[in-house]
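> Here you go, one structure.
Here, each number is a calculation from the coordinates, and none is a lab measurement. Being a predicted model, the structure only gives us computed values, none of them experimental. Note that we place each Cβ from the backbone using ideal geometry, even for glycine, and neighbour counts take in every protein chain shown.
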């Protein structure tokens, strides 16, 4: 606690509320290093640094963090045991799991997402690698800032209106948004427009987001029945993907599904297994030379870009080891652009929750080729970066809450787009 007390309030920008961060890790060197990195950013302030889950849970109410970076393997109380106890004490707490790239930790991290964690960040295996990894430091700070800022924004504007109605100002946890637990009485504000408002492609659809009007145009669905579904997602994606797959599994008999989720190696293989169980369909990491089969799900492997090449009337998977695109590898844009080349107007794309803007260029390519794209709305997204960028291309055919995406996709696949 000495470090946290010394650092309390450091790094805050004048006139703004910094994101309050707790770091929980049993390794004193790692705990100190992460705390220094985070506290050096002017938008962040480290308010607590704890060596195990038990101490962290006990300190939640006192330190009142917005974001917790939580290690998985710790003595006395590990991260998975601490996670639900933390969320019980502070329902809108953002928890980012930190774990090394083992299969066990990948499984645990994905389970943590279903229990309410907002995201995960893979740690290098050794202290020396953590110390020198520029990518790990960048990803950690980006995720803490993006998720923390979203949490702060979701609280402040809605509080006065809710107070007038006598409702709680706390937004739902990520688990509640994805249907893993009952939603609280005061959901995050939803766009004021309804699905019917999207049916007039000539006029921009208007939605009120955080007190400001945001406009984007909606285009008609392709008249061509889809022959492939291509999905891109990032932060919050694993749970959103499973939600969608449960809804559409029964209609995937005639088309393949290709997925790029921003994930490291090992994680993507486990994600593929989970998606297969959710959809009750064969699912695997894509391999170079795989010929796409109807009813099968292919997930881009971590550390590789997955693209398609035309073979016969369909596509074949190619894995490439090029540089990151939009700081991501795998990236959504290369997949979407290649799908548009192979399948043209019979492409159906989907952008789910995630940070950044990866996929927006791919949306433009799919639309220009005559295909259709659906994107997730802000209210149901963990982060409305990727889906927001997709919506503002003015080339999507629908912007929908997560709960409506699966049923809509299922109707489009069956040729019932309206």
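> Each label point is 7 Å from the Cα along the Cα-to-Cβ direction; what then is the distance between the points at residue 288 and residue 88, in nm?
5.0
> I've got another one for you. Contour minus end-to-end for residue 273 and residue 404, with contour as 0.36 nm per residue of separation and end-to-end as the Cα-Cα distance? Spell out each step's value before the answer.
On the way: separation 131, 0.36 × 131 = 47.16 nm, distance 2.38 nm.
Taking residue 273 through residue 404 to full extension adds about 44.8 nm, to one decimal.
> Hey, another quick one. Working from the pairwise distances between different alpha carbons, so that the mean of 1/r is found and then inverted, what is the range 213-413's Kirkwood radius in Å?
About 16.0 Å for the range 213-413.
> Going by how many other Cβ atoms sit within 10 Å of their own, how do 73, 129 line up, fewest first?
Fewest to most other Cβ atoms nearby, the residues stand as 129, 73.
> So, one more: Could you compute the FRET efficiency for residue 368 and residue 246, with r as their C-beta to C-beta distance and R0 at 41 Å, rounded to 0.05?
Taking R0 as 41 Å, the efficiency between residue 368 and residue 246 is 0.85.
> When the Kirkwood radius is taken over all Cα pairs of the range 2-155, what Stokes-Einstein diffusion coefficient follows at 37 °C and 0.692 mPa s, in µm²/s?
D, rounded to a whole number, is 217 µm²/s.
> Please give the peptides 52-60, 357-365 ranked by average Cβ packing (other Cβ atoms within 10 Å per residue), highest first, as a rough proxy for protection.
357-365, 52-60
> Among 120, 221, what is the fewest-to-most ranking by other Cβ atoms within 10 Å?
Going from sparsest to densest Cβ surroundings: 221, 120.
> Next up: Based on DSSP, what percent of beta bridges with both residues in the range 213-413 are antiparallel, to the nearest 5?
25
> Given R₀ = 35 Å, FRET efficiency for residue 17-residue 313 by Cβ-Cβ distance, to 0.05?
After rounding, the FRET efficiency stands at 0.05.
> Quickly work out the residue 114-to-residue 155 label distance, labels modelled 7 Å from Cα along the C-beta direction, and quote it in nm with one decimal.
3.0
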